[in-house]
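Remarks on the structure that follows.
The values are calculated or read from the model by the stated rules, or taken from the named source; none is laboratory data. All of these numbers come straight from a predicted model, not from anything done at the bench. Methodologically, a virtual Cβ is constructed for each residue, glycine included, from the backbone with ideal geometry; neighbour enumeration extends over all protein chains shown. Surface accessibility is based on the protein's heavy atoms, side chains included, excluding ligands, DNA and RNA. Shrake-Rupley method; radii C 1.70, N 1.55, O 1.52, S 1.80 Å.
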Amino acid sequence: DQQVKQNSPSLSVQEGRISILNCDYTNSMFDYFLWYKKYPAEGPTFLISISSIKDKNEDGRFTVFLNKSAKHLSLHIVPSQPGDSAVYFCAASYHKEPHGSSNTGKLIFGQGTTLQVKP
Amino acid sequence: DVKVTQSSRYLVKRTGEKVFLECVQDMDHENMFWYRQDPGLGLRLIYFSYDVKMKEKGDIPEGYSVSREKKERFSLILESASTNQTSMYLCASSLYGAGGPNQPQHFGDGTRLSIL
């Protein structure tokens, strides 16, 4: 049961253009979404996150959009640079009450999308 | 900056061996996690811990166990290594424990484990 899906295994864009990475989820209880970037032989690096009370969050060249009705998340990178070439993972989590719940902080990851930015 | 350190970058072991993967974080984080990453499958949670001596099964705990004797250290144990456990193993930590606000996890650089 894949609760978080990245349906595009790879994406190739030209330097300077926009990169759009997509992510779909099935669990309406998710209330926090994240994007990570991963270079080969390194651990994932946190990029940007968004709470379910927002529909957009921006940080420099990176913007995350959340469409709750469609259960869809996207990451826009503008302008794309060759150094952005990496695997991108989306992830989702949810709070679970009451006190002492152990599920808080657990992330569900998508399969990843490999982005190649060509010079 | 948060530092999550995994003891080995590359490890080669034999089938049937007991294997220990160590992870240390230096930021007094309450939550720690072990994942494996396989092509086309993303990151899958093996075990996590939200406090010392506490552990919870993730999505794929079979064949693994964990130990958290100190807050900063979280160990993953392969009880009897098998070839299907060849993978990239990633450790992560996050600041708050159960009931805390949402926050990202911070990852180590991973251990590439090969079981022959």
Exercise. Can you work out the FRET efficiency for the pair B:Arg14 and A:Ser10, with r the C-beta to C-beta distance and R0 = 41 Å, to the nearest 0.05?
Worked result: 0.75
Exercise. Between A and B, buried accessible area summed over both sides at probe 1.4 Å, in Å² to the nearest 100?
Worked result: 2100
Seminar exercise, completed: Given the candidates A:Phe109, A:Met29, A:Tyr94, the one whose Cα lies deepest towards the positive end of the charge dipole of the protein assembly as shown, counting +1 at each Lys or Arg C-beta and -1 at each Asp or Glu C-beta, is A:Phe109
Exercise. At a probe radius of 1.4 Å, what is the per-residue accessible area of B:Glu62, in Å² to the nearest 10?
Worked result: 130
Exercise. What is the log10 of I(q)/I(0) for the stretch B:4-115, computed with the Debye formula using one identical point scatterer on each Cα and no solvent, at q = 0.13, 0.17 Å⁻¹?
Worked result: -0.43, -0.74
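Determine the shape class of the stretch B:52-116: with a ≥ b ≥ c the square roots of the Cα gyration tensor eigenvalues, call it rounded for a/c under 1.5, and otherwise prolate if a/b is greater than b/c, oblate otherwise. Walk me through the numbers on the way to the answer.
On the way: a/c = 2.19, a/b = 1.72, b/c = 1.27.
Prolate is the answer for the stretch B:52-116, as a/c is 1.5 or above and a/b outweighs b/c.
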Problem set entry | Radius of gyration and maximum dimension Dmax of the stretch A:9-119, Cα, Å | 14.5, 51
For this session: Starting from the Cα of A:Met29, step 7 Å along the direction of its Cβ; do the same at A:Arg17; then give the gap between the two resulting points in nm.
Result: 4.1
For this session: Could you order A:Val117, A:Val87 so the one with the most accessible surface comes first? Probe is 1.4 Å.
Result: A:Val87, A:Val117
Seminar exercise, completed: Log10 I(q)/I(0) at q = 0.08, 0.09, 0.15 Å⁻¹ for the protein assembly as shown, from Debye over equal alpha-carbon scatterers, is -0.29, -0.37, -1.02
For this session: Calculate the mean, over all residues of peptide B:102-112, of how many other protein chain Cβ atoms lie within 10 angstrom of the residue's Cβ.
Result: 6
For this session: Keeping every protein chain in place, order B:Val52, B:Val66 by accessible area at 1.4 Å, biggest value first, i.e. largest first.
Result: B:Val52, B:Val66
Exercise. Expressed as a whole percentage, what fraction of the accessible surface of the protein assembly as shown belongs to carbon and sulfur atoms when a 1.4 Å probe is rolled over the protein heavy atoms?
Worked result: 49
Exercise. What accessible surface, in Å², does a 1.4 Å probe find on B:Thr5, ignoring ligands, DNA and RNA and rounding to the nearest 10?
Worked result: 70
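Based on the mean of other Cβ atoms within 10 Å per residue, sort peptides B:8-16, B:83-91 so the most packed one is first. Working shown, then result.
On the way: B:8-16: 12.3, B:83-91: 18.7.
Descending packing order for the listed peptides: B:83-91, B:8-16.
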Exercise. In square angstrom, rounded to the nearest 10, how much accessible surface does B:Asp51 have for a 1.4 Å probe?
Worked result: 80
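Which of the peptides A:10-22, A:48-60 is most tightly packed, and how do the rest follow, judged by the mean count of other Cβ atoms within 10 Å per residue? Write out the running numbers ahead of the final one.
Values: A:10-22: 15.2, A:48-60: 13.4.
Descending mean neighbour count gives A:10-22, A:48-60.
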Exercise. What net charge is computed for the residues neighbouring A:Ala91, neighbours being all others with C-beta under 14 Å from the C-beta of A:Ala91, Lys and Arg scored +1, Asp and Glu -1?
Worked result: +2
For this session: Please give the per residue accessible area of the protein assembly as shown, computed with a probe of 1.4 Å over protein heavy atoms only, in Å².
Result: 48
Seminar exercise, completed: The relative contact order of chain A, taking Cα pairs under 8 Å that sit 6 or more residues apart, comes to a percentage of 35
Problem set entry | Shielding by other protein chains, B:54-66, mean Cβ within 10 Å | 1
